[in-house]
Amino acid sequence: MNKLTGWDDTIVALATPQGIGAIAVIRLSGKKTFEIADRLFPSKDLSQQLSHTLHIGFLRDEEKILDEVVLSIFKNPKSYTGEDVIEISCHGSPFVQQQIFDACIKYGARLAKPGEFTQRAFLNGKLDLAQAEAVADLIASNTAASHNTALHTMRGGFSENLRELRERMIRFSALIELELDFSQEDVEFADRKQFYKLINELTQSTRELLNSFQLGNVIRNGVSVAIIGKPNAGKSTLLNSLLNENRAIVSDIPGTTRDTVEEVINIDGILFRLIDTAGIRQHSNDIIEIAGIERSLEKMRNADLILYIFDVKETKEDMLAGLSQLKESGNYLLVANKIDETDEARARKIFSTVHNIIYISAKEALHIDVLKEKMIDSVLQGNIQKENTIVTNARHYHALKEVDKSLSDIKDGLDNKLPGDLLAIDIRRCLHYLGEITGEITNEDQLDYIFSKFCIGK
Ligand SMILES: Nc1nc2c(ncn2[C@@H]2O[C@H](COP(=O)(O)OP(=O)(O)OP(=O)(O)O)[C@@H](O)[C@H]2O)c(=O)[nH]1
Ligand SMILES: [Mg+2]
């Protein structure tokens, strides 16, 4: 691995959030860690202490006492970064923190760049790239599901899958490359039938990972849900009922909601961004309402999921006519509202030819739990299992797409009995992209880009 610019520096950063807290943790990592800490902590010779020990005492800059602190010592290579690391737990006043920073910098450290601690962990082989990226995801995770997938990747689950794919491919590529050395003699070391089988298996695993990305996206970014329907259908009431609060204005005047209202809820660990919209009707002369309807349609087109809500007292023909306006869009749930005002069994009979209607009363909060279940089902289409690998990272997804493409090129090559030297090109391409995900193959710009998205101090 090439050493990067600034690699030799000793870096310092605040690992806890900015601002006032009971304590704050300042992290030092690099060659001069002990030299700097010894200057600031004269009461003990820290470099002589055992790794993974705690030391309490006063931090001083020359004669001036800065704070009473606890130091945690991690000697290389047994630390997060693989370098000498000291974590200074000080009192959480921004003034104290600043003074400690200044002193660390005065004695030879520099401020860490975003993600630089994790980048060093990667460069020192403590984590591979996919795991390092999962650290950022773990920090950003705000639901149980996103936390689970990030944790699985960080612990190496995803990398393990890829490593297996890559190793099997490497074994074959070695045989093919060997054939190239004997190209005059027309020998085949690599059994083409076996190879074909391997390529098929690899393609299947790659496709599974690619398919998991849709779910990965849901887990990482949440699902946008447009609540759509005619004026007065009860869209705003449903939003309030799902949120369990009076967020949107409700009235019996059709056309109450003019602009869109957005709120987030967490259902079983998945974030849904609910969008209440203006009721859609065919004929309106009100320019504000027309603009609102335009906006509703726009939200509907961009949503991952549409809740089409209608008044259960409507006739089936009217309901279907309203619904037909949405034909262009995909993933929607039909919600029959206001069942408190009618006989549910009768209503179910009337709409019996229309499949998958969820009958609710938004106002009386009836069957809202059933609706929530359907919302989850419609985006997950199956279960999230803890140990399943789910691709959540767009960079990984694009690399896997390239892997998939090169696998199908290899397959074409085998079908057309291409010579080994041509096959080898596609095989190398495939290995290249597999290696890009875990960071066996990287360049400095790419690394800088990836780690720049981290927070400082991680
Ligand atoms: N009985 C009953 N009334 C409801 C129900 N849901 C909504 N309503 C009433 O229907 C009327 C319209 O409700 P809203 O939630 O404002 O309807 P909307 O679809 O947002 O209407 P616009 O914003 O005008 O498009 C209000 O008087 C609500 O109290 C329900 O489940 N049962
Ligand atoms: Mg409304």
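The values are calculated or read from the model by the stated rules, or taken from the named source; none is laboratory data. Note that the structure is predicted; figures quoted are calculated from it, not measured. Glycine also receives a Cβ, built like all others from the backbone with ideal geometry; neighbour counts cover every protein chain displayed. Side chains are part of the model used for accessible areas, which takes the heavy atoms of the whole protein and leaves out ligands, DNA and RNA. Shrake-Rupley method; radii C 1.70, N 1.55, O 1.52, S 1.80 Å.
Please find, among K44, K31, the residue that is under 40 Å from the mean Cα position of the chain (by Cα) and not in a helix (DSSP H, G or I). Show your work before the answer.
Details: K44 fails: under 40 Å from the mean Cα position of the chain (by Cα).
Just a single option satisfies the conditions, and that option is K31.
Just the residues that are in a helix (DSSP H, G or I), open to solvent by 30 Å² or more (accessible area, probe 1.4 Å) and touching a residue at least 60 places away in the same chain (Cβ under 8 Å), please, taken from the stretch 333-374. Even if it seems obvious, please write down each step before you answer.
So in the stretch 333-374, the residues in a helix (DSSP H, G or I) come out as 339-341, 344-350, 368-374.
Now restrict to residues that are open to solvent by 30 Å² or more (accessible area, probe 1.4 Å): 340-341, 344-346, 348-350, 369-370, 372-374.
Within the stretch 333-374, K372 is the sole residue that qualifies.
Of V25, V70, V96, all but one fail to be open to solvent by 10 Å² or more (accessible area, probe 1.4 Å), among the β-branched types (V, I, T) and not in a strand (DSSP E or B); the exception is V96.
Looking across the stretch 47-73, the residues that are aliphatic (A, V, I, L, M) and more than 14 Å from I88 (Cα to Cα) come down to L50, I65.
For beta carbons closer than 6 Å, sequence separation of 6+ or different chains, a first residue in the stretch 37-58 that is under 12 Å from F74 (Cβ atoms) and open to solvent by 80 Å² or more (accessible area, probe 1.4 Å) and a second that is in a strand (DSSP E or B) and modelled with pLDDT of 95 or more, the qualifying pairs are L54/V70; L54/S72. At positive phi and assigned to a loop (DSSP other than H, G, I, E, B) - does that describe any residue in the stretch 385-399? No - not one qualifying residue is present in the stretch 385-399.
Within the stretch 215-231, residues that are touching a residue at least 24 places away in the same chain (Cβ under 8 Å) and open to solvent by 10 Å² or more (accessible area, probe 1.4 Å) sit with their Cβ atoms under 9 Å from residues that are basic (K, R) and within 15 Å of ligand 1 (Cβ to nearest atom), at 6+ positions apart or across chains, in these pairs: S224/K299; K230/R281; P231/R281. With the structure loaded, tell me whether L165 is away from ligand 2 (no atom under 16 Å from the Cβ), assigned to a helix (DSSP H, G or I) and not hydroxyl-bearing (S, T, Y) or whether it fails that test. Answer is yes for this residue.
Would it be correct to say that L198 is under 30 Å from P419 (Cβ atoms) and either within 16 Å of ligand 1 (Cβ to nearest atom) or not charged (D, E, K, R) (or both)? Walk me through how you get there before you give the answer.
Details: under 30 Å from P419 (Cβ atoms): yes; either within 16 Å of ligand 1 (Cβ to nearest atom) or not charged (D, E, K, R) (or both): yes.
So L198 passes the test.
Quick check, is T16 buried (at least 22 other Cβ atoms within 10 Å of the Cβ) and either polar (S, T, N, Q) or modelled with pLDDT of 95 or more (or both)? Please lay out each step first, then the result.
Values: buried (at least 22 other Cβ atoms within 10 Å of the Cβ): no; either polar (S, T, N, Q) or modelled with pLDDT of 95 or more (or both): yes.
Spelling it out, it is not the case that T16 is buried (at least 22 other Cβ atoms within 10 Å of the Cβ) and either polar (S, T, N, Q) or modelled with pLDDT of 95 or more (or both).
Looking across the stretch 249-285, the residues that are out of contact with any Leu (no Cβ under 7 Å at 6 or more places or on another chain) and more than 15 Å from ligand 2 (Cβ to nearest atom) come down to N266, I267, D268, G269, I270, L271, F272, R273, Q282, H283, N285. Of the strands (runs of 3 or more DSSP E) lying entirely inside the stretch 252-311, none contains at least 3 residues that are touching a strand residue (DSSP E or B) at 6+ places or on another chain (Cβ under 8 Å), open to solvent by 40 Å² or more (accessible area, probe 1.4 Å) and without any contact (Cβ under 8 Å) to a residue 12 or more places away in the chain.
Regarding G82, is this residue open to solvent by less than 20 Å² (accessible area, probe 1.4 Å), assigned to a loop (DSSP other than H, G, I, E, B) and among the small types (G, A, S)? Spell out the reasoning first.
On the way: open to solvent by less than 20 Å² (accessible area, probe 1.4 Å): yes; assigned to a loop (DSSP other than H, G, I, E, B): yes; among the small types (G, A, S): yes.
Yes.
Of all residues in the stretch 104-123, those satisfying the criterion of being more than 20 Å from D445 (Cβ to Cβ) and part of a loop (DSSP other than H, G, I, E, B) are Y107, G108.
Looking at the stretch 400-433, which of its residues are closer than 13 Å to I176 by Cα, buried (at least 17 other Cβ atoms within 10 Å of the Cβ) and touching a residue at least 60 places away in the same chain (Cβ under 8 Å)? Result: I410, G420, L423, A424, I427. Only residues that are under 13 Å from K299 (Cβ atoms), modelled with pLDDT of 90 or more and more than 9 Å from ligand 1 (Cβ to nearest atom) were counted across the stretch 225-259, and they come to 3.
Which residue is nearest to A144 (Cα to Cα), if the candidates are limited to the stretch 213-251 and must be within 33 Å of the chain's Cα centre (by Cα) and in a loop (DSSP other than H, G, I, E, B)?
In the first step, residues of the stretch 213-251 are kept if they are within 33 Å of the chain's Cα centre (by Cα); the result is 213-229, 235-248.
Filter again for in a loop (DSSP other than H, G, I, E, B), leaving 222, 244-248.
Working: G222: 12, N244: 21, E245: 23, N246: 26, R247: 25, A248: 28 Å.
The residue in question is G222.
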